[in-house]
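The values are calculated or read from the model by the stated rules, or taken from the named source; none is laboratory data. What you are looking at is a predicted structure, and each value in this text was computed from that prediction instead of being measured. Glycine also receives a Cβ, built like all others from the backbone with ideal geometry; neighbour counts cover every protein chain displayed.
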Amino acid sequence: MKPKVAFFSFSSCEGCQLQALNLEDQLLSLLDIIEIVNFREAIDDKLENYDIAFVEGSISRYSDIPELIKIRNTAKVLVAFGSCSSQAGINAIRNRLRPEEANAMVYGDRAAWVETGHAKGIDEFVKVDYYLNGCPMDRREFIRLVKAAASGIPFIIPKLPVCTECKLRGNVCILEDRNTLCLGAVTLGGCNAICPAYGHPCVGCRGILPDANIEGMAELLRHHGASDLEIEHLYAMYNYGRISLLTARAASR
Amino acid sequence: MVEAMEYRVLLKKDIRVWVEWLMGKGELHAPVAKSASHPQYQFEKISQPDTVCLDYATTILPPKQCVQPVRETLIRFDRVANQFTLSDQVPERRLHIIFGIHTCDIHAFNFLNTVMRDGNADTQFLARSANTAIIGLRCRQHCDDKSFCESMGTNEPPDTGYDILMTDIGDRYFLELATERAAKLVDDLSCIPHTGDEDVVKWRQMLADSKKNFDRRLSINIEELPAYCEANYHSPMWDVIGKKCVACGSCTLVCPTCYCFDIRDELDMSLQGGERYRVWDSCQLGEFAAVAGGVNFRRDRRDRQRHRVHRKVKYPKERYNLFACVGCGRCSRACIADIQMLDILRQLGAKSHEFQRT
Amino acid sequence: MSSSALEEELTTEYEDWTNLFLPRTAQILKSTPLTATDTLHRLRFQNGDIGDYKPGQFVMVSMLGIGEVPISICSSPTHIGGFELCVRSAGTVTQAINELNAGALVPIRGPYGRGFSTEKMVGHDVMIIAGGIGLAPMRSLIQYLLDQRSQYGEIWILFGAKRPGEVLFQDEVLSWSSRPDIHFLMTVDIANRAWRGNVGPVTSLFHYVKVDPHNTCAAVCGPPVMYRPVLRELQHLELPDAQMFFSFERRMKCGLGKCGHCLINGHYCCKEGPVLSYAEIRELPEAM
């Protein structure tokens, strides 16, 4: 029996689902090992019973919570799909303001009509089995996870920083050579350093490593000419939760 | 100095001809410039002879990837129901040529060969290494502002471990042929004639003149480094380094003598077959020495950095009477936190003197 | 032609060598759950024997697609017809192993490493100190010593478990405790109501020990936190450094002394260990 796979979306751009569609040729061989029963970006039919749920997007409305819980109760394996879902991602930028402040900024005089609040990762509400972090998620990692889940074996992302994969590609270090502020040293790898490989700095979309040397990183970024505000912005893009940690530590000093 | 079997010369303008000829004999890896605006180089498999750049500063990654690929299949497996088959993975039998490698990197290869032969011989590494021809290049000055090769004795070539050594003597390269394979690597190519007496004289002069160019020195007795490491085991210097280090692993990944690896499995799309592969790993990463149950034998970055340094200048010296640091300076250049090997070794030396005084 | 000349140079020497990473196939003869997390597996290689090994040596057990883990052999080489592994479900690979039943085929490499120096123990009193899952490799040693009981002097077994319900090899433990030719002492960290024995760390048992230190060898295996306190007790008894043997646990990936994960300072735990005498590790700050 091929496991049934469903995709769900909360507050997000649905770019991770799109990434799955972008697999193109590999998508067909994936369909040999799984059956997709719910995939709004690709198919109309829906089935209410599934084994593996990929949940995209962060939770920003109370009304999302029951739906998320229902997914958790149905799926054998629940995957946080992308940064929004894994760590509230870019949506968490709004968390620095009070919900009504942010809503007023975005929706103006219609703010009261919109139900939306602070963005949270899905693991604040349900148990998550696997995280496919990244904005968007990494397609090779997605395939690896599907293979693991379909054969009932655990899926593990080695806890390596982006720098590791960047070095192994033989890339010129953009931080050292172009003084481009880059978070590759403290960000979870697995993306094969795709951004630095194309000249873009790592902005931490896959999340800051749990044991990262945040103070040391800030120090070396300052050494490369970054102001504290720039550092804060760099972290805040995808790791608002961690940046508050950083500022809290700085305040306590 | 070990006498070469034979000397030849090659006009610089003819490098292209030789490279192209060699490309027909095996897979040729040589330094190429990574970007036009920055002096950064990398060993790459050459498909265009013109891309070879012999006037280069230390490459980002060492040439070891030609012999030890970043990812390498160890075994293949196939699972059907409760059964499985396992199959061996033998490296392809073909000639690799590493062209233009600096003498420090030749020393590093010799070290890796010693390690891989020790105890359980790593046959996959050794098979590839044995079928790799080394065409080295003598440096005439520091190639990089982080290198301290003279102090580690690696600005001079080792006694063995290369087939041919080239020296830039102006308009031409002077070639020392050291092995029987070397003769076959130059064959009777008309562009690589035998040397005239004046070439030999010029070459010897060039070598003598180059010595003074290697002026970045440790100024400590390197033979004492294992003792210095011992004396400074609990030195606060490691706390300072540990605070700076962001554990990105770059220092070890760019090191020409690092050989640690991780082993992982990956399934094919069929979910039945798959492979077990090894991939370069780094002792600087948090989970490197962690075991089940949350125990980590080198949890602190301080301990991991000390471990790295000891694995360069203490443990291999005690085990093989070899240093695993060849002074190439790659780790220092790759470190975004500005942790410098030269500084660490100098500090070890200097601090030990203090210990002795007190 | 010169091209073929270079090809002739290519060595084929290593192609006939055994790939050190290629496991052999073993079959599970019997799987017996010992506790909620530990299962004892009896195995036999399909082609040939496990070969000679010492108590304290380990094998690398594979779950294809998941990975490989080092597991100590917990049966004595004197017991023929297979070997036993006691596996604790602590990670993904060990969990998968413990889901297997009799008849399952398992790829295994090894045995690897250096075990307990049983020659050195001949004619000596032997003190065995085990904590928790550390009893597994020690069981191999205990069986070995008991199979050649006359060659050794007094045998002391000091065993500490977390809870009475987590005691491994309960039948054997009971039989050891009732043998007149073994001094068996046991303690638990956390007792239940029925427990009538000692409560406290394994070091609390040293109070009852009386040995002639110069004629005694000690063998220690347990969780990492146990080693320093036990060492202090052994030093207090004045055992010579070269007669204290510790079995170390480290992360091991290759088991061959190459991958670097298991290094204790400059010593490969998988190759020079996992059993090392205190004389060998005295100068290694990372050992304990």
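Annotations for the structure displayed:
- Residue in the range B:289-308 that is at pLDDT 95 or above, under 20 Å from B:HIS107 (Cα atoms), assigned to a helix (DSSP H, G or I) and more than 8 Å from every other protein chain (Cβ to nearest Cβ) present: yes
- Residue that is farthest from the other protein chains (Cβ to nearest Cβ), among those in the range B:133-163 that are within 14 Å of the chain's Cα centre (by Cα) and among the hydroxyl-bearing types (Ser, Thr, Tyr): B:THR154
A quick yes/no check of all residues on (1) surrounded by fewer than 21 Cβ atoms within 10 Å (Cβ to Cβ); (2) polar (S, T, N, Q); (3) under 18 Å from C:CYS74 (Cα atoms); (4) in contact with a His (Cβ under 8 Å, 6 or more places away or on another chain):
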{"position": "C:ILE97", "(1), (2), (3), (4)": "no, no, yes, yes"}
{"position": "C:HIS124", "(1), (2), (3), (4)": "yes, no, no, no"}
{"position": "C:VAL173", "(1), (2), (3), (4)": "yes, no, yes, no"}
{"position": "C:ARG179", "(1), (2), (3), (4)": "yes, no, no, no"}
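- Matching entry among B:ALA130, B:ALA108, B:ALA81 (being buried (at least 24 other Cβ atoms within 10 Å of the Cβ), of a type in the set (Gly, Ala, Ser) and either more than 9 Å from every other protein chain (Cβ to nearest Cβ) or closer than 25 Å to B:VAL326 by Cα (or both)): B:ALA108
- Just one of the listed residues (B:CYS260, B:CYS255) is within 7 Å of chain C (Cβ to nearest Cβ) and closer than 16 Å to B:LYS64 by Cβ, namely B:CYS260.
- Selected residue (only one of B:PHE323, B:PHE355 is away from chain C (no Cβ under 12 Å) and modelled with pLDDT of 95 or more): B:PHE323
- 1 or more residues at pLDDT below 90 and farther than 19 Å from A:LYS120 by Cα: qualifying helices (runs of 4 or more DSSP H) within the range A:1-106: A:15-21, A:25-30
- Unique residue being within 30 Å of B:GLY119 (Cα to Cα) and out of contact with any helix residue (DSSP H, G or I) (no Cβ under 8 Å at 6 or more places or on another chain) when the list is B:VAL240, B:VAL291, B:VAL295, B:VAL313: B:VAL291
- Any hit, the range B:33-47, residues being among the basic types (Lys, Arg), under 22 Å from the mean Cα position of the chain (by Cα), part of a helix (DSSP H, G or I) and modelled with pLDDT of 90 or more: no
- Selection from the range C:50-68 of residues that are in contact with a helix residue (DSSP H, G or I) (Cβ under 9 Å, 6 or more places away or on another chain), assigned to a strand (DSSP E or B) and in contact (Cβ under 8 Å) with a residue 60 or more places away in the chain: C:PHE58, C:GLU68
- Test: residue in the range C:136-152 that is part of a strand (DSSP E or B) and either buried (at least 20 other Cβ atoms within 10 Å of the Cβ) or in contact (Cβ under 8 Å) with a residue 12 or more places away in the chain (or both): no
- Filter result for A:ARG144 (surrounded by fewer than 17 Cβ atoms within 10 Å (Cβ to Cβ) and without any contact (Cβ under 8 Å) to a residue 12 or more places away in the chain): no
- Any chance C:ASN47 is farther than 30 Å from B:ALA133 by Cα and either part of a loop (DSSP other than H, G, I, E, B) or in contact with a His (Cβ under 9 Å, 6 or more places away or on another chain) (or both): yes
- If you go through the range C:5-25 and keep only what is in a loop (DSSP other than H, G, I, E, B), at the interface with chain B (Cβ under 7 Å from one of its Cβ atoms) and under 33 Å from the mean Cα position of the chain (by Cα), you end up with C:TRP17, C:ASN19, C:LEU20, C:PHE21, C:LEU22, C:PRO23.
- Taking the range A:111-137 as the range and being touching a Leu at 6+ places or on another chain (Cβ under 8 Å) and either crowded, with 22+ Cβ neighbours inside 10 Å or farther than 23 Å from A:CYS202 by Cα (or both) as the test, the residues that pass are A:ILE122, A:PHE125, A:VAL126, A:LYS127, A:VAL128, A:ASP129, A:LEU132, A:ASN133, A:PRO136.
- Residue count for the range B:63-116 satisfying the condition of being assigned to a helix (DSSP H, G or I) and of a type in the set (Gly, Ala, Ser): 1.
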